[in-house]
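The values are calculated or read from the model by the stated rules, or taken from the named source; none is laboratory data. This one's a predicted model, so the numbers in the text were calculated from it and none came from an experiment. As a convention, Cβ positions derive from the backbone with ideal geometry for all residues, glycine included, and neighbour counts pool all protein chains shown. Ligands, DNA and RNA are stripped out before the accessible areas are found, and what is left, the full protein with its side chains, is counted by its heavy atoms. Shrake-Rupley method; radii C 1.70, N 1.55, O 1.52, S 1.80 Å.
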Amino acid sequence: MKRRVLALVMALAMILTLAACGGSSSGDAGSSGGSEGGAPAASGDKVAITIFNSKMEIQSQMEEMAERYSLEKGVDVEVYYSSDTVAAHLSTRYASNEPYTISMVDAKDVYALAADHAVDLSDQDWVKDTTQAISIDGKVYGFPVCVEARGIIYNADAIKNITGADFDPTAIKTTEDFQSLIDQLIAGGMAAPTGVMKEDWSLGAHYLAEVYEQQADPDAFIAGIKDGSIKLIEDAKFNAMMDTFDVLKNNNYAKDAAISAEREVTEQKLAEGELAFMFGGNWDWSVINAYDYSENMGMMPVPNDSNDGTNEKMVGGGSKYFFIDSSDNTSAEQVQAAKDFLNWLVYDEEGQDFVVNQCALVPAFSNITLPVSDPLSASVKAYSDKGALVGNYNYLPDDHYSITGAAFQKYLAGESTREQFADEVTAYWATAEVGAH
């Protein structure tokens, strides 16, 4: 089925108007599709639905699935992707009365949009089979697409080639443990054992966010930064995580040009054993598996000296959520077709195979027992199964990763000190507000 990709150029006034009515932040319009006035209720005798995919790594799989699903189920399915921020892209769609039937968003977007734009899914069978659904005021709005987690990705074969011993990630708990192993790898001939992704989302939304997430009460911690009762530069967790980041930064293969390092190059070096470690998440497998990757790879928690048990847990949980549009632009037939699609993902063997094998995602539903194929997701599932995940903090503002990520990039490049970085993060929180929850 042909995929239409049109460039939406919406007037700023549209975005501002929607924002005044509860919409999300602005941004450049991305790729999208659909007809004037929203998706058609039917194509010929078929119901037609649209799906917005915000997970770049699985766009081709989503398109192929949509074509098969359309042929087998008699429902026309179109899949669209945008590189714009989710909030900005959906703002343009709602401003033009062209909502998607199903939208894949981040958790914070469910909290921001559900009351005005989402169908209540509380009566769906799959609710009983997951602990990751998003509920607001007693109503279920968010369908968890998968479970993802963050940590240190390791190449066990590259490590063993130098140490001569099987790598045991559970033995690396503290920053000192981590540094000692890296020193051993360097002594054994690995010039630079680590890679650091320079992207603002990796630094701001993923690494820095762990400083909040690993606190006993993230809301209270952020509130303390805002009102000045907590000095970030004096916080034990911040310094413990930054000490570990310094190990990554100081042993980075691209240390002298860290902001010029390309993600694909870094992940290729990790995959092929030139590097041993990189901070990331199980979604990185979609890049790693394009190369001649080592047989034995996995993920482990970020080693740190907090002495609170977080050094033995990854940070993660439900990642990306579907919600179904509740506006007048979506017919009752389309809503039912959308519900049927979600149930297909959970209960149909082909749907389960699509999630686990074709998209290489960790399912968020207890009834799905297919073995997870890739080693990073297998690590995440193992930590999830034993309850060793620190929950995501899903309420960071839309601009958090871009602003704090830019500050983090300066630190990575050696253009600021830890104190200056902490000051920039503190200055950000002086005016920023967490999302509704």
Tally up the carbon and sulfur contribution to the accessible surface of the chain as a whole percent, 1.4 Å probe, everything protein left in place.
48
Just to confirm the number: angle between the C-alpha axis of helix 59-73 and the first principal axis of the chain, 0 to 90 degrees, nearest 10?
30
For mean projected area of the Cα convex hull in nm², calculated from these coordinates, the label among (i) 19.0; (ii) 34.1; (iii) 20.7
(iii)
Cβ-based net charge around residue 328, under 13 Å, with every Lys or Arg adding one and every Asp or Glu removing one
-3
Count the net charge of all other residues whose Cβ sits under 10 Å from the Cβ of residue 346, scoring Lys and Arg as +1 and Asp and Glu as -1.
-3
Selection from 60, 103, 149, by position along the positive dipole direction of segment 33-163 (Cβ):
149
Using a 1.4 Å probe, what is the accessible area per residue for segment 153-209, in Å²?
39
Starting from the Cα of residue 308, step 7 Å along the direction of its Cβ; do the same at residue 347; then give the gap between the two resulting points in nm.
4.2
Taking K and R as +1 and D and E as -1, what net charge do the other residues with C-beta under 13 Å from the C-beta of residue 47 add up to?
-2
If you put +1 on each Lys and Arg Cβ and -1 on each Asp and Glu Cβ, how big is the dipole of segment 335-391 around its Cα centre, in Debye rounded to 20?
300
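So for each of 152-164, 382-394 I average, over its residues, the number of other beta carbons within 10 Å; can you give me the resulting order with the highest mean first?
Output ranking for 152-164, 382-394: 152-164, 382-394.
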Which whole-number value in Å² is the accessible area per residue of segment 230-288, probe 1.4 Å?
35
Can you compute the charge dipole magnitude of segment 364-437 about its Cα centre, using +1 on each Lys and Arg Cβ and -1 on each Asp and Glu Cβ, nothing else charged? Give it in debye, rounded to the nearest 20.
380
Could you give the angle, 0 to 90 degrees to the nearest 10, between helix 107-117's Cα long axis and the longest principal axis of the Cα atoms of the chain?
20
Any idea what diffusion coefficient segment 42-139 gets from Stokes-Einstein, in µm²/s, Kirkwood Rh on alpha carbon pairs, 20 °C, 1.002 mPa s?
143
With a point put 7 Å past each Cα toward its Cβ, work out how far residue 45 is from residue 199 in nm, to one decimal.
4.5
Any chance you could give the angle, 0 to 90 degrees and rounded to 10, that helix 400-412 forms with the longest Cα principal axis of the chain?
20
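Rounding to the nearest 20 debye, state how big the charge dipole of segment 322-423 is about its Cα centre with +1 on each Lys and Arg Cβ and -1 on each Asp and Glu Cβ. Working shown, then result.
On the way: 5 positive and 15 negative charges, 105 e Å.
In debye, rounded to 20, segment 322-423 gives about 500.
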